[in-house]
1. If you go through the stretch 87-112 one residue at a time, how many are polar (S, T, N, Q) and modelled with pLDDT of 95 or more?
2. Within the bounds of the stretch 134-141, is there any residue that is assigned to a helix (DSSP H, G or I) and aliphatic (A, V, I, L, M)?
3. Go through the stretch 1-86 and tell me which helices (runs of 4 or more DSSP H), entirely inside it, have 3 or more residues that are at pLDDT 95 or above.
4. Of all residues in the stretch 151-171, which are open to solvent by 50 Å² or more (accessible area, probe 1.4 Å) and in a helix (DSSP H, G or I)?
5. Among the residues of the stretch 47-69, are any open to solvent by 30 Å² or more (accessible area, probe 1.4 Å), in contact (Cβ under 8 Å) with a residue 24 or more places away in the chain and over 22 Å from the mean Cα position of the chain (by Cα)?
6. Name the residue that is nearest to His181 (Cα to Cα), counting only residues in the stretch 137-163 that are under 22 Å from the mean Cα position of the chain (by Cα) and without any contact (Cβ under 8 Å) to a residue 12 or more places away in the chain.
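The values are calculated or read from the model by the stated rules, or taken from the named source; none is laboratory data. Note that the structure is predicted; figures quoted are calculated from it, not measured. Cβ coordinates were reconstructed from backbone atoms using ideal geometry, including for glycine residues, and neighbour counts include every protein chain displayed. Accessible surface areas use protein heavy atoms only, side chains included; no ligands, DNA or RNA. Shrake-Rupley method; radii C 1.70, N 1.55, O 1.52, S 1.80 Å.
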Amino acid sequence: MLRRTLEFFFPPSVSTPAELKAFAAGEAAYLAQKTVIGYCRVKTMLDYDKLLTEPAFRDAQESCRWEAYASTLGDMLLLIEGWLRPGTDPDRQKLADSLAALYPAILGEHVPTHRQDWADSIEAFERRFELARMADPAPPEQLVAGTAKLIHDLVPIADRLKRNDREVIRGDLRLHMLAAHAAMLKRFRRDALVAALTA
């Protein structure tokens, strides 16, 4: 308990590829779970706990959470690449390649029951990342538009109840993404990370 309290007030630094991988995976998982479950709770209110006893709702929410995780992980890696991006071309390419390799490595650690693999998500991320690494870094709050649409489409709430809520979901994601960015600014040891990822 003392360790967790200390980590809350004095979060550990991120200076190695392993620590970076854990940060990206952890933030993406938090972002997906907080948004999906939070939205379902708000929309169903007092019926939420009762709905969790229904396999169809529970399984659909879990599938949505995993798909959101795959998407928020991509958002997080784009955010990290934009902030760490070195000024020189060779180092920029090496860093981007190292970060891109984290996506399949992290996703491959867990394959949910509704999927056989993550091949389509990995392919979509690679296309997106290739375009993003050649463009100016996008602000944190702009990276989540695709994730907001995905969650809005997949979340197990009746269409008539959620039809105008995409911007609500996007606003929630934006806030969490800005918080993750603030955590990066506080915890990342930029020079050490760039050196390790471009070695």
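1. Here the count works out to 1.
2. Quick first cut of the stretch 134-141, residues assigned to a helix (DSSP H, G or I) only: 140-141.
This time we only want the ones that are aliphatic (A, V, I, L, M), so: none.
Checked the stretch 134-141: no residue is assigned to a helix (DSSP H, G or I) and aliphatic (A, V, I, L, M).
3. Numbers: elements: 2-9, 17-44, 48-51, 55-84.
Fully inside the stretch 1-86 and qualifying: 17-44, 55-84.
4. Listed by number, the residues that qualify are Asp153, Leu154, Asp159, Arg160, Leu161, Arg166, Glu167, Val168, Arg170.
5. Within the stretch 47-69 (the criterion being open to solvent by 30 Å² or more (accessible area, probe 1.4 Å), in contact (Cβ under 8 Å) with a residue 24 or more places away in the chain and over 22 Å from the mean Cα position of the chain (by Cα)), the answer is yes, since at least one residue qualifies.
6. Filtering first and then ranking leaves Pro139.
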